[in-house]
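The values are calculated or read from the model by the stated rules, or taken from the named source; none is laboratory data. Note that this is a predicted model, so its numbers are computed, not measured. Positions of Cβ are generated from backbone atoms using ideal geometry, with glycine treated the same way; all protein chains shown enter the neighbour counts. Only protein heavy atoms, including side chains, enter the accessible area calculation; ligands, DNA and RNA are left aside. Shrake-Rupley method; radii C 1.70, N 1.55, O 1.52, S 1.80 Å.
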Amino acid sequence: MAKYGRVHFHVRLDAAGLYADNLLAWLAAVTLDHASFTLSCGDTQRNKNYRVAVYGHQKSDPVEARACARYALTERPKSAAVVAPALLPLRQVAGRLQAVVRQRTRLINQLHQLLARTFPELAVLVGDLSTGWVLELLHRYPTARLLAQARSDDLQAVPYLPHDRIADLLARARDSIGSLSGAVADELARDQVRQVRDAQARQKRLEALLISAYRALPEPNHLDTIKGFGDVTAAVVTAFVLDINRFDTPGKLVNYFGVLPVEASSGVERDGTPRGPKRYKMSPRGNDLVRRYLWMAALSAAKHNPACRALYGRVRAKHPDRPSIAIGHVMRKLLHLTFAIWKTGRPFDPKHYPWDRATEATVGEGSRGETGQAAGHTPGEPAESVVTATCPITVADAKPTVETPPAGVWLDFGHLKRQLSMTRVLDHLGLTGRLKGSGPQRRCACPIHRGDGRGRTFSVNLDANVYQCFDARCGSQGDVIDLWAALHQRDLRSAALDLVHVFALEPAPTSGTEKRNG
């Protein structure tokens, strides 16, 4: 060390799984006075492809080691993220919880299949077979034959069984078409009920353990202060995010968990009808455990979180027959709040911003009413239900109020454009994730004349806050006001008034002698 001075090592690992995690943690803990390390761990298949590209089909330990060393010195990959020791227990418990939740879902599905032979009418009467009184009823009367022999007084002894359902249950059991009965069928049903109950108990224990691990973190991220989240949801999101600095924008966090719409314009619907153009559904990507708890959190946030309440009511007004679409918007909003709360390190403050006043839009404007776009699905909202959990939707309908700027208000277009950047508008419209490029000049499909998302004729300069479509059929260009007017087919003044309302802007300077051109 005295001869060469300070040395920097580039270490490339050709490993995966738990062994790689342990090795990375050990190397990260190594400290030398005159040396520093850059540790990277590549995917085994990617390392193999690199070795074949450089050394051909030679396969031996020395060749693989030489390939890894060459990649580390020539490509200079970034250091792999090492999970903090305090987060390791949280991640392990979340992984076990995910496995148990999946097992519970499989067991409930198996119970459905068994009841289709023993008592198929029960699934019509009850929406959720995992409800406590339903499991107790099946434990006492596992088949329709046994339930038909019971009396009304016997069913009243079942805890939490609604008494108004007793007569219907007995009538359906006596007229059941179930073909499987007998002592063997009774024991099969009881055994399946015991397995479901055991999985539910394990889930509860792991949730309690997860909360204790979340509370033990040295630095709280305050996600549990978001109305609607709760301790379990905050712990689950933390376990799978680990470090919020992995994400530069809230849009990347949303994409990571798949809470975004994807186009579904090909193929047929479930009823066999062809799918029409510009149809959207919720992406099936993302972690299933996080999506499950986000769904349940969204049900609560739609009623009690002021940042989500107006959004939910606005989307419900546009899609009154599909409440799950509005819940999907609220899930996206909650992830934006997660990003903001975790980044700032401050608890959620419901009074920080006048959400109910500044984010509500007219019913005819759909989902264009929130500042900073935390949950909008544009150019088209998801046309299909969001399937992320097995719990029913129990959110009360919200009635959004209509509050628009007066028609005769003075507008200063220059003052408006100074308050509103192109990046903010594109993020609101859901176009940020579609932009291609790394500098200020980005391109994507034109949202004005191409609803199918094809092509890259739409060019936008994020520094100059201008855009232009190079397609001869469109040719639209201008600033944020021109873009808003072209997208919503309005004149410039109406578009500017709408921007003032949607983004809570100041129509004109409160003082000074600037020219008013509105």
Starting from the stretch 308-328, keep only residues that are closer than 14 Å to Ala298 by Cα and of a type in the set (D, E, K, R), then list their pairs with residues that are part of a helix (DSSP H, G or I) and open to solvent by 40 Å² or more (accessible area, probe 1.4 Å) whose Cβ atoms are within a distance under 8 Å, requiring at least 6 positions of separation or different chains. Arg309/Lys303; Arg309/Asp356
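Out of contact with any Ser or Thr (no Cβ under 6 Å at 6 or more places or on another chain) and closer than 30 Å to Arg51 by Cβ, is that true of Arg102? Spell out the reasoning first.
Values: out of contact with any Ser or Thr (no Cβ under 6 Å at 6 or more places or on another chain): yes; closer than 30 Å to Arg51 by Cβ: no.
Here the answer is no, as Arg102 does not meet what is asked.
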Counting only residues that are under 38 Å from the mean Cα position of the chain (by Cα) and in contact (Cβ under 8 Å) with a residue 60 or more places away in the chain, how many does the stretch 157-187 have? 0
If Val232 passes every condition in (1) open to solvent by 20 Å² or more (accessible area, probe 1.4 Å); (2) in a loop (DSSP other than H, G, I, E, B); (3) of a type in the set (Val, Ile, Thr) but one, which one does it miss? (2)
Starting from the stretch 483-501, take each residue that is at negative phi and list its partners that are open to solvent by 10 Å² or more (accessible area, probe 1.4 Å) and of a type in the set (S, T, N, Q), counting only C-beta distances under 8 angstrom and pairs at least six apart or across chains. Leu483/Ser476; Ala485/Ser494; Ala486/Ser476; Leu497/Thr404; His501/Thr404
Name every residue in the stretch 257-279 that is at pLDDT below 65 and assigned to a strand (DSSP E or B), in order of residue number. none
Between residues in the stretch 233-262 that are closer than 24 Å to Lys281 by Cα and residues that are of a type in the set (Gly, Ala, Ser) and open to solvent by 20 Å² or more (accessible area, probe 1.4 Å), which pairs lie under 7 Å by C-beta distance while being six or more apart or on different chains? Gly251/Gly433; Asn255/Gly433; Phe257/Gly286; Gly258/Gly286; Val259/Gly286
Any residue in the stretch 72-83 that is touching a residue at least 60 places away in the same chain (Cβ under 8 Å), among the aliphatic types (A, V, I, L, M) and surrounded by fewer than 13 Cβ atoms within 10 Å (Cβ to Cβ)? yes
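Name every residue in the stretch 40-62 that is among the hydrophobic types (A, V, I, L, M, F, W, C) and closer than 14 Å to Arg12 by Cα, in order of residue number. Let's see the steps before the verdict.
First pass over the stretch 40-62, keeping only residues among the hydrophobic types (A, V, I, L, M, F, W, C): 41, 52-54.
Matches in the stretch 40-62: Cys41 only.
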Do any helices (runs of 4 or more DSSP H) entirely within the stretch 124-220 hold 1 or more residues that are open to solvent by 70 Å² or more (accessible area, probe 1.4 Å) and under 30 Å from Thr338 (Cα atoms), and if so, which? 183-215
Total residues in the stretch 76-96, condition more than 10 Å from Cys41 (Cα to Cα) and either part of a loop (DSSP other than H, G, I, E, B) or in contact with a strand residue (DSSP E or B) (Cβ under 7 Å, 6 or more places away or on another chain) (or both): 4
Residue match in the stretch 24-41 (condition: surrounded by 12 or more Cβ atoms within 10 Å (Cβ to Cβ), assigned to a loop (DSSP other than H, G, I, E, B), in contact with a helix residue (DSSP H, G or I) (Cβ under 8 Å, 6 or more places away or on another chain) and modelled with pLDDT under 85): no
